[in-house]
Amino acid sequence: MKLTLTAIATGTLISMGSTAVAETNWDMPMAYPESNFHTEYGHQFADAVRECTGGSLNITIHSGGSLFKGNEIKRAVQIGQASIGERFLSAHQNENPIYGVDSVPFLATSYADSKNLWDASKDAIGAALEKDGLVLIYSAPWPAQGLYFNQEVNSVADMEGIKFRAYNSATSRLAELAGMLPVQIEAADLAQALSTGVASSFISSGSTGHDTKVWELLSHFYDTQAWLPRNAVFANKSAYDGLTEEEQNCLQTSGADASAGATAKSEELASWYLEQFTENGMTVAAPSEQLRSELAAFGAIMTDEWLEAAGDAGAAVINAYKATQ
Ligand code: PCA
């Protein structure tokens, strides 16, 4: 019955040995460039799903925001314009604070802590996604976030009035606390924003700086290791429910492998990106003591604000995470 319905829906049948199997084709929008490690593991995931399902579930990756832009992907998957997609989760913290738990400054700043925070928060995040009509498949962290400027910066006073590219409400808030002028820009548009002067600073990983060839545009990187935000891959719930149990299992096991692979790659590349900055003439430095303590004070304010917004459910996640410390 399932076979017939899916075959009608997709209009395709593929032959597997002697049995004909319905082929389900899913588009998977991703926001970051083809060369980015998240995208690389997105391809590995799609290949693994194809192999695991014997070709019955065929996922096509669309990288670089080519099918939907980063800020359109979650909604596109919710309303079924795409059946699966990858999105930078904390960009949706204005919909539900739990999506932003990974971007609370200085809460989890190492790969080990990022994993502990994910373990403490993934059920709540999965439940929030489910309410939005989505099924969580896998997640992987970006390297730690550092500050990019086109000048030496040793204190918050040095940041005053600088135009700052933000990627979620937490980074806008950080900019505001520091007296900078935030503007929301997707990673795919970052190089253009920097070259046209729409922004001249931002906070991100070495990975996005590398994707952006930031050394052609800015001069300084401060390795603040402020947080390790995550991308999440999720499927449209009704598309997911329409799969066979075997296909669903293939998505989950292939997702677990992609998560492990992408996480290891993220950690492996973290310092390599910064070496590339130095080789290309940028100044890469630890933040000054003053800058570090000023940023820590903003982190404390933002932690309180997040806890207030996230209520008891948020506090439970933080307590579960703190128990791992
Ligand atoms: N790169 C993405 C999100 C976090 C990161 O490291 C970006 O800057 O948009």
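The values are calculated or read from the model by the stated rules, or taken from the named source; none is laboratory data. No experiment lies behind these values; they were computed from the predicted model shown. When we count neighbours, we look across all protein chains shown, and the Cβ atoms used for this are built from the backbone with ideal geometry, even at glycine. Heads up: the accessible areas ignore ligands, DNA and RNA and are worked out on the full protein's heavy atoms, side chains in. Shrake-Rupley method; radii C 1.70, N 1.55, O 1.52, S 1.80 Å.
Numbers for the structure displayed
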read-out	value
Residue, most open to solvent (accessible area, probe 1.4 Å), within the range 175-192, restricted to residues that are in a helix (DSSP H, G or I) and either within 11 Å of the ligand (Cβ to nearest atom) or within 24 Å of Glu86 (Cβ to Cβ) (or both)	Gln192
Pair list, Cβ < 8 Å and 6+ apart or interchain, from the range 202-213 residues that are free of Cβ contacts under 8 Å to residues at least 40 places away in the same chain and in a loop (DSSP other than H, G, I, E, B) to residues that are near the ligand (Cβ under 8 Å from one of its atoms) and of a type in the set (Gly, Ala, Ser)	Thr212/Ala187
Some residue of the range 122-140 being within 16 Å of the ligand (Cβ to nearest atom) and in a strand (DSSP E or B)	yes
Conditions (1) under 20 Å from Gln44 (Cβ atoms); (2) near the ligand (Cβ under 8 Å from one of its atoms): number failed by Ser204	(1)
Subset of the range 211-245 that is polar (S, T, N, Q) and open to solvent by less than 30 Å² (accessible area, probe 1.4 Å) - its residue that is nearest to the chain's Cα centre (by Cα)	Asn231
Residues that are under 16 Å from Thr24 (Cβ atoms) and either without any contact (Cβ under 8 Å) to a residue 60 or more places away in the chain or surrounded by fewer than 20 Cβ atoms within 10 Å (Cβ to Cβ) (or both), drawn from the range 49-65	Arg50, Glu51, Cys52, Gly54, Gly55, Asn58, Ile59, Thr60, Ile61
Scan of the range 229-272 for residues that are of a type in the set (Phe, Trp, Tyr), touching a strand residue (DSSP E or B) at 6+ places or on another chain (Cβ under 7 Å) and either part of a helix (DSSP H, G or I) or farther than 22 Å from Asn58 by Cβ (or both), ordered by number	Tyr240
Scope the range 144-172; condition among the charged types (D, E, K, R) and within 16 Å of the ligand (Cβ to nearest atom); matching residues	Lys163, Arg165
Selected residue (only one of Ser254, Ser195, Ser266 is away from the ligand (no atom under 14 Å from the Cβ), among the polar types (S, T, N, Q) and surrounded by 23 or more Cβ atoms within 10 Å (Cβ to Cβ))	Ser254
